[in-house]
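Novice: Before I ask anything, let me first share the structure, which is written out below as structure tokens.
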Amino acid sequence: MATPNQDKTNGFWPNWRENRLFAVLLAILLVYLIVFLAFAIKNESINSMAIGKAPAERKTISFDGTGKVIGTPDIATVDLGMTTQNASVATALKQNNQKINDLITQLKQTGIPTVDIQTSQFDVSPNYDYSNNKQTITGYTASQSVTVKIRNLDLISNVLDDAGTIGANQVSGLNFTIDNPDTLQAAAREKAIADAMSKASVLEKQLGVKLTRVVNFSENIQVPTPIIYNSMAKLGAGVAAPSVAPTIETGSQDIVSNVTLTFEIQ
């Protein structure tokens, strides 16, 4: 039969004098459990009170801003083509090849590098006569065109004059564009943001509210489409080239940024 001292030694709770460290650790654990249960009960109470209620709505206000910069086109493209007809397909193709080759040679002499001359169309097709309910081939049409990129805008008139001199009978309109609009777009955006911020500052004073931070931003950039200048229409076969090269004006293009800034109201 165990003595009273043996019962105290073998019980769950340690003897303070014999095992103080274990007793202290066990006491700390019990305190943590009590605190954890208290917070859990508190959070459950808060959640149950919030059931069925909409989350707090954040008060915001939005301002629009517009910024515009004017850019000058620094690159132009034009399509130059040759169309040749002949009763023989070989002759039509040979004549057409000779004309387009002469045109490319002249463009290079004018100052257009090879990398800026690209063949954009090549076609050989038969011509038909449908008289007397019968389809008859009367000849062939060979057609070729090149797209010319003109980086030195001072050469535009010379390029068009070359096309007429060589005998190009398909000359489409010029397209003027800005080769790298990123810098201009950034400048337009900066102006648009400043415009929106200015409106926000004025209204903040008028309404007596405090705007804290931007919580949303949106932007719409209006990049101009290429300006088409119809300096020369499609010419028919045998039309004489102009004796004077046309004067070309590149004009300007507007790049516009529209932004919306949404502020949080304190």
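Derivation of every value follows stated rules applied to the coordinates shown; laboratory data play no part. All values derive from a computational prediction rather than experimental measurement. Using ideal geometry, Cβ is built from the backbone for each residue, glycine included, and neighbour counts are taken over all protein chains shown.
Novice: State, to one decimal in nm, how far the label point of Phe36 lies from the label point of Thr165, with both points 7 Å from Cα in the Cβ direction.
Specialist: Here the answer is 9.3 nm between the modelled labels.
Novice: Of all chymotrypsin sites (Phe, Trp or Tyr not before Pro) in region 101-140, which ones are in loop regions per DSSP and have a Cβ with at most 16 other Cβ atoms within 10 Å?
Specialist: Qualifying residues, ordered by number: Tyr130.
Novice: Once both labels are modelled 7 Å past Cα along the beta-carbon direction, what's the Thr66-Arg151 spacing in nm?
Specialist: Distance between label points: 3.6 nm.
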